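Taking it in order: structure first as structure tokens, then the write-up.
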Amino acid sequence: MSAVSAEAVSGAVRTGSDARPRSGGEEAAPLAPRAKLLPALAAVYRAQLSRAKVARIPLLFVATFQSVGIMIMMRGVVDGGDEARAVVAGSSVLVVAFVALNLLAQYFGQLRASGGLDHYATLPVPPAAVVLGAAGAYASFTVPGTAVTAVVGSVLFDLPMGHLWVLAAVIPLSGAALAGLGAALGLLAPRQELATLCGQLGMSAALLLGVLPAAHMPAPIAYARDLLPSTYGVEALARSFDASPDWAVVAADLGVCAAVGVVSLAAATWAYRRAAVR
């Protein structure tokens, strides 16, 4: 069954009501007004959170174990300094990429392939609420794994933990940028398999370009690294390990994350509208 928009369903109901009035000459009652963004967003977020917590928690353990394993492996190569900060920051943000980018791309790809968008498309819910609610729910699962990875990495590489409160900004901003990208990939991919492939490729890019120290990369790869949204979250977290961080630069990196998050979530909303009317 092809997905139809809520507006199309509303129009069909109104047309049917006009053609067949109720007995006694009374017209059918008008449809309920469209839900506002914030209440609809909260409802979708709670629904997605309760739905995903059973299925996604084991995968969160996998993401955390993967990031910790990468740091242990890199401990034999990297002793300390800027390289250690890059490894710990990149491994921490990798948890966000695994859940918010990879799993969300798979989820929306599966939802589109199975016709699950029909359910949301027929509800009087703004498209932005569906995208933001799902993205927020998936990004929420990254909080414990990212925090555990950052603490374990700080102990492993003997890095100061006094500024790890920066994670309170890095997680949601990086999560927004990567979740919007993951949702857009899942909704725009013509097949579910391609959505899964795109999500895994994006996570691999976050692994290779985020964990490996930038100083050891060739110039073309370094330019590609600058195009990856999670890079700026990695840089902000890495700078927070300094004894006296340059907070202006940290704020600038987080600002780039926020800007990319707005753009990627807007693109995901457009992709949802496009997929829902097909």
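Placing a pseudo-label 7 Å from each Cα along the Cα-to-Cβ vector at D118 and D82 gives an inter-label distance of 5.6 nm.
Rolled with a 1.4 Å probe across the full set of protein chains, the surface gives W270 an accessible area near 140 Å².
Dividing the convex hull volume of the alpha carbon atoms of region 134-271 by its residue count gives 116 Å³ per residue. The value given for region 198-278 is a Kirkwood hydrodynamic radius of 14.4 Å, derived from the mean inverse Cα-Cα separation. Averaging sequence separations of C-alpha pairs under 8 Å and six or more residues apart, then dividing by the length of region 121-225, give the relative contact order as a whole percent. Computed value for region 121-225: 22 percent relative contact order. Ordered from largest to smallest accessible area (heavy atoms of protein chains, 1.4 Å probe), the residues M71, M203 come out as M203, M71.
The three principal axes of the C-alpha atoms in region 46-151 carry coordinate ranges of 56, 22, 21 Å, sorted with the longest axis first. The packing ranking of peptides 235-242, 220-227, highest mean first, is 235-242, 220-227, where packing means the average number of other beta carbon atoms within 10 angstrom of each residue.
Along its principal axes, region 124-163 has C-alpha extents of 52, 16, 10 angstrom, given from the largest down.
Loop-resident trypsin sites (Lys or Arg not before Pro) (DSSP state other than H, G, I, E or B) in region 32-132 with no more than 16 further Cβ atoms inside 10 Å of their Cβ: R34, K36. Estimated translational diffusion coefficient (Stokes-Einstein, Kirkwood radius over Cα pairs, 4 °C, 1.567 mPa s) of region 101-187: 89 µm² per second.
The values are calculated or read from the model by the stated rules, or taken from the named source; none is laboratory data. This structure is a prediction, so every number in the text was calculated from the model and none was measured. Using ideal geometry, Cβ is built from the backbone for each residue, glycine included, and neighbour counts are taken over all protein chains shown. The area values use the complete protein model at the heavy-atom level, side chains included, leaving out ligands, DNA and RNA. Shrake-Rupley method; radii C 1.70, N 1.55, O 1.52, S 1.80 Å.
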